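The values are calculated or read from the model by the stated rules, or taken from the named source; none is laboratory data. Quick caveat, the model's predicted, so the values are computed rather than measured. Note: ideal-geometry Cβ built from the backbone for every residue, glycine included; neighbour counts use all protein chains shown.
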Amino acid sequence: MTVTSALLSFSVVAVFLTIIPGLDTALVLRSAIAQSRRHAIVTALGINTGALVWGAAAAVGATALLAASTLADDGLRIAGALYMIYLGAMMLWRTRSRAAVPEAGRAPASEPLWRAFARGATTNLLNPKVGAFYLAVIPQFVPANSNHLLMGLALAMVHNLVSVFWFAGLIGSAHLARRWLSKDSVRGWIDRVTGVVLVGFGVKLAASRA
């Protein structure tokens, strides 16, 4: 397998992985609707940064430690589950607070961009399912005579490039519908759905055994 054929083959896998609805899509959409396009873009950048780290780790075999160590894997899994449940619970709590104290006509408070980036990156890095996928798939696309670290980063960049187009479509669509989506009632339901999704992912992750 050549470097070119490996990148092209992996791009097909990356497309299917990206378009499957999941936590990343929910976070980016929520940022685009509840905050702004800039927040959604920065959230996506955080997610892609996490993917780069996982790609590099998988290529050099570092994530094999998670597969070999039950304690390390369980620790990361529980930390990720608690973080997702926390994010989801906070979103649900904020919707309850807004319902108790209506803010009609007032724009939602804008959070710092660094926090949106950190949320995207942390959610990705604390998700051992992402690491497990990279560990299982990326080594299959690393040619024997290539630099494993650079090849892992290149494959992760392919995944990121696919994600850029996908997230751009999501953010653009959300922006076109922003006038309707930014209504307090609609935004509240979006936060509730996203919060439930996050809590659901967290509970499922905590109960799973990778």
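Things to note:
Each row is one residue, and each column tells you yes or no for (1) surrounded by fewer than 15 Cβ atoms within 10 Å (Cβ to Cβ); (2) among the basic types (Lys, Arg); (3) under 28 Å from Ala34 (Cβ atoms).
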position: Phe117; (1), (2), (3): no, no, yes
position: Ala121; (1), (2), (3): no, no, yes
position: Asn124; (1), (2), (3): no, no, yes
position: Gln140; (1), (2), (3): yes, no, no
position: Ser146; (1), (2), (3): no, no, no
position: Leu150; (1), (2), (3): yes, no, no
position: Met157; (1), (2), (3): no, no, no
position: Asn160; (1), (2), (3): no, no, yes
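- The residues of the range 135-149 that are in contact (Cβ under 8 Å) with a residue 60 or more places away in the chain and among the hydrophobic types (A, V, I, L, M, F, W, C), listed by number, are Leu135, Val137, Ile138, Phe141, Val142, Leu149.
- Pairs with Cβ under 9 Å, 6+ apart, first in the range 74-99 and at pLDDT 70 or above and among the polar types (S, T, N, Q), second part of a helix (DSSP H, G or I) and surrounded by fewer than 19 Cβ atoms within 10 Å (Cβ to Cβ): Thr95/Arg187; Thr95/Gly188; Thr95/Trp189; Thr95/Arg192
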